[in-house]
Amino acid sequence: MLSLSYRRYIFRALLLTAALFVFAGAASAQTAPQPSASPPSDPTQNGSKDDKDVNFGSPENENRAKLEIKEEKKKYDEHVARAREVSDLASQLSDHYEKQQSFVADDAKRIERMEKLTKKIRNDAGGSDSDADADIKDIPADTKSLVKRVAELADELHKLVEKTPRQVVSAAVIGQANRLLGLVQHLREVSR
């Protein structure tokens with residue numbers, strides 16, 4: 001049998017070996033590269049505005065988002081106001097022409113203003129000048145009917161713009177604006 005001192009020696013050697021393996025494993029775990037998510041990218045490298053603001057909960061980002069929403073709402077309100085003004089101008093033109101059966105200098109200014117505002121409405125809705133090439137059908141032969149038709153189209157445009165959410169590119173608004181533009185341009189030629 002083994003002596004007591006020899007057993008203690010073996011026990012201590014085993015204990016020391018076990019401790020050595022534990023400490024070596026811990027040290028190895030600390031220095032070994034751990035799989036991690038990709039390092040955060042430098043937002044200045046790719047230049048994308050969306051990637052620059054990663055901290056979604058920051059007060060600066062919330063304020064910036066609120067200001068952007070406020071600016072979009074302001075632009076939409078201006079867009080609706082333009083459509084309302086076009087409708088009002090067309091109604092005034094129609095009323096005046098019905099009473100006078102002729103055009104005056106103020107009517108020419110109204111027609112020009114209607115044309116300018118309608119182009120702005122079309123462009124804000126996502127259209128462009130190249131969209132205006134749609135051929136206008138059903139141009140009334142007499143001026144009185146033409147003026148009435150312009151007023152009707154302007155009112156329809158106003159209603160369409162009010163119904164369309166600000167985040168939507170509306171083909172209906174663009175098409176209606178193009179039809180109105182065609183008639184307004186024809187009316188401008190007739191009124192000279």
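The values are calculated or read from the model by the stated rules, or taken from the named source; none is laboratory data. Being a predicted model, the structure only gives us computed values, none of them experimental. A quick note on method: Cβ atoms are made from the backbone with ideal geometry, for glycine too, and the neighbour counts reach across all protein chains shown.
Report the residue count in the range 139-160 for those that are closer than 12 Å to residue 183 by Cβ and in contact with a Lys or Arg (Cβ under 7 Å, 6 or more places away or on another chain).
2
Can you tell me how many residues within the range 139-166 are among the polar types (S, T, N, Q) and free of Cβ contacts under 8 Å to residues at least 40 places away in the same chain?
Summing the residues that are among the polar types (S, T, N, Q) and free of Cβ contacts under 8 Å to residues at least 40 places away in the same chain in the range 139-166 gives 2.
Residue 29 - would you say it is more than 27 Å from residue 65 (Cα to Cα) and either surrounded by 10 or more Cβ atoms within 10 Å (Cβ to Cβ) or at pLDDT below 60 (or both)?
no
What number of residues in the range 59-80 are over 13 Å from residue 166 (Cβ atoms) and of a type in the set (A, V, I, L, M)?
Selection size over the range 59-80: 2.
Being more than 16 Å from residue 157 (Cβ to Cβ) and among the polar types (S, T, N, Q): is that true of residue 94 here?
no
Of all residues in the range 81-102 being of a type in the set (Lys, Arg) and out of contact with any Lys or Arg (no Cβ under 9 Å at 6 or more places or on another chain), which is nearest to residue 164 (Cα to Cα)?
Out of the qualifying residues, it is 84.
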